[in-house]
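Note sheet for the following structure.
The values are calculated or read from the model by the stated rules, or taken from the named source; none is laboratory data. Remember, it's a predicted structure, so these values are computed and weren't measured experimentally. With ideal geometry, Cβ positions are generated from the backbone for all residues, glycine too; neighbour counts draw on all protein chains shown.
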Amino acid sequence: MERVVSTGVDDSVAISLDHVTKIYHGGGGIHELSLDIKVGEVFGFLGPNGAGKTTTIRLILDLIRPSSGRIRVFGLDSRADSVAIRRRLGYLPGELALYERLSARQILTHFAHLRGGLDWSKVQHYVDAFDLDVDRPVRSLSRGNRQKVGLVAAMMGDPEFLVLDEPTSGLDPLVQRRVQEEVRRAAREGRTVLLSSHVLSEVGEMADRVGLIRDGRLIAIEAVAQLQQRSAHLVEARFRAPTDFGVFTALAGVTSHSVDGTTLHLEVAGDLNPIVALLARHVLDDLSIREPTLEELFMRFYGASSE
């Protein structure tokens, strides 16, 4: 597990949380959360609903105040300098509320004015990327199209710090892919992105690192590339007839196995050729060889942990 904690102002660090705790009167919240997010990094914040993801985002944005601990954004104090910080960020909330009677164009124009004025061409790029009809009233838009309005509002003007809470909720696969492309473009341009989601595989497409939060506690931070390198292939073979599975489970590289009737499940690290060669000697009804999803990897390493 990687854990990076800021000890002072560092130009390479965009967001720093130092032992941040937020306790609600009814229970819940986050506990002693310490985390640094680097400038130009896409950081995925993951966990089940109610784990503390949105609470952490609201603390960073100074929408709520911590019970203890300190938060800095670009070296600025999240409380004392909240107005200056908000000028540099774009935010898509998980619970998006829009003016029902206005069109998307009117809403986006209003938000552009709040930012001190914005060339419409900087808005149009995202309108085109997400295929948004800006002239229909919001009340007539589907959930996915409302989400597009929120995405455009957050991303237009290319803010230095982009906070996206469940950004692809309600979107079709094509638009999801375009959101991923825009997030990676932001990182290439040196901007910082914080993604919050309960869908680990989705964040894995965009993030450089991912942090897993459970019950208000940060239990793991992993580089996506390193997590994937630790993966083993998953082999599932269904045999036509009963077979001695011991010859398969004894092969080098088999890290775990299970049997369900005539179906053999294997996890194989390293070279797959010995397994494939041995399978070729048998009659199979079905064969599947794949890499585990990022979600499967995280649950394997941290799913049984409660701390």
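Can you tell me which residue in segment 79-135 is nearest to the chain's Cα centre (by Cα), limited to those that are part of a loop (DSSP other than H, G, I, E, B) and of a type in the set (A, V, I, L, M)? Taking the candidates together, the pick is Leu96.
Of all positions in segment 278-301, at least one carries a residue that is modelled with pLDDT under 80, surrounded by 14 or more Cβ atoms within 10 Å (Cβ to Cβ), of a type in the set (Asp, Glu) and closer than 30 Å to Arg217 by Cβ.
Here is the figure for segment 136-161: residues that are among the acidic types (Asp, Glu) and either at pLDDT 95 or above or in a helix (DSSP H, G or I) (or both) total 1. Taking the residues in segment 60-115 that are loosely packed, with under 13 Cβ neighbours inside 10 Å and either in contact with a His (Cβ under 6 Å, 6 or more places away or on another chain) or of a type in the set (Asp, Glu) (or both) as candidates, determine which candidate is modelled with the highest pLDDT. Filtering segment 60-115 for residues that are loosely packed, with under 13 Cβ neighbours inside 10 Å and either in contact with a His (Cβ under 6 Å, 6 or more places away or on another chain) or of a type in the set (Asp, Glu) (or both), the one modelled with the highest pLDDT comes out as Glu100. Here Gly75 meets the list (1) more than 18 Å from Asp11 (Cα to Cα); (2) of a type outside the set (S, T, N, Q); (3) in contact (Cβ under 8 Å) with a residue 40 or more places away in the chain almost entirely, failing just condition (1).
Out of the residues in segment 173-195 that are crowded, with 16+ Cβ neighbours inside 10 Å and among the aliphatic types (A, V, I, L, M), state the one that is farthest from Ala153 (Cα to Cα). Per the criteria, the residue is Ala187.
Looking only at residues in segment 168-205 that are within 18 Å of Val224 (Cα to Cα) and polar (S, T, N, Q), the one that is modelled with the lowest pLDDT is Ser201.
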